[in-house]
Amino acid sequence: MEITTDVILRGDIWANTLNVLQPSIFETYYDVYIICVAIGIMYDEQILLKTEPNEEFRSVPRTKLMQYTDTLDFLFQTAIITTKNENLSEDERLELAFADKKSEFNKMAFLTKFANFGVMKLHEKISNEPLETMENIKNFLSSSMEGTNFEIDALKDLELALEDENI
């Protein structure tokens, strides 16, 4: 993945979340960003945050992102192949995910929309106590990995019910 710009994290939700989580729980902005991308992909939800003039923003420097291009490529490949948010054919998805040629598709902007959703879910886990916040995040991630995150399971059940109705 070619990375030419910093990732800009705009809005109060990013500022508040980063103020609480970095450096007390996560070491860098990149760490928070990448977990938010993964959460957004897990839910298959994207948000394009509206920006206001003079709005506070943070950024993940491209120099930091370039250290993790393999991770970002993997997340992009997973997201572009599995998402229902893009109206693309299977061939177009595979081309974007695995072709070596350059594309006009902005991969980092695509991932950042997932991160914008993920930061909202992560922000819900923040409390006034750092240890409680860590416990909330740990429980959220564990339940997601173990398949007991009922928010996601409820979505899958709804999808299955809708598919059954279409049969």
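Structure above, values below:
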| quantity | calculated |
| --- | --- |
| Residue check for THR133: among the polar types (S, T, N, Q) and either at pLDDT 90 or above or part of a loop (DSSP other than H, G, I, E, B) (or both) | no |
| For LEU96: the one exception among (1) touching a Phe, Trp or Tyr at 6+ places or on another chain (Cβ under 9 Å); (2) within 17 Å of ALA115 (Cβ to Cβ); (3) crowded, with 17+ Cβ neighbours inside 10 Å | (2) |
| Filter result for the condition that a residue is within 24 Å of SER24 (Cα to Cα), modelled with pLDDT of 90 or more and within 13 Å of the chain's Cα centre (by Cα), over LEU65, LEU122, LEU111, LEU75 | LEU122 |
| Residue within the range 40-58 that is assigned to a strand (DSSP E or B) and more than 14 Å from the chain's Cα centre (by Cα) present | yes |
| Members of the range 1-14 that are in a helix (DSSP H, G or I) and within 16 Å of the chain's Cα centre (by Cα) | ILE13, TRP14 |
| LEU96 aliphatic (A, V, I, L, M), over 23 Å from GLN22 (Cβ atoms) and modelled with pLDDT of 85 or more | yes |
| Meets criteria (exposed (fewer than 14 other Cβ atoms within 10 Å of the Cβ) and within 22 Å of TRP14 (Cα to Cα)) for ASN139 | yes |
| Residue match in the range 32-43 (condition: touching a residue at least 40 places away in the same chain (Cβ under 8 Å), touching a strand residue (DSSP E or B) at 6+ places or on another chain (Cβ under 9 Å) and loosely packed, with under 15 Cβ neighbours inside 10 Å) | no |
| Where a residue in the range 5-29 is closer than 13 Å to GLU124 by Cα and aromatic (Phe, Trp, Tyr) and its partner, wherever it lies, is at pLDDT below 90 and loosely packed, with under 15 Cβ neighbours inside 10 Å, with Cβ under 9 Å and at least six apart | TRP14/GLU56; TRP14/PHE57 |
| Hey, MET145 at pLDDT 90 or above, part of a helix (DSSP H, G or I) and not hydroxyl-bearing (Ser, Thr, Tyr) or not | no |
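The values are calculated or read from the model by the stated rules, or taken from the named source; none is laboratory data. Everything quoted here is computed from the prediction, not taken from an experiment. In this analysis, Cβ positions are derived from the backbone assuming ideal geometry, glycine residues included, and neighbour counts consider all displayed protein chains.
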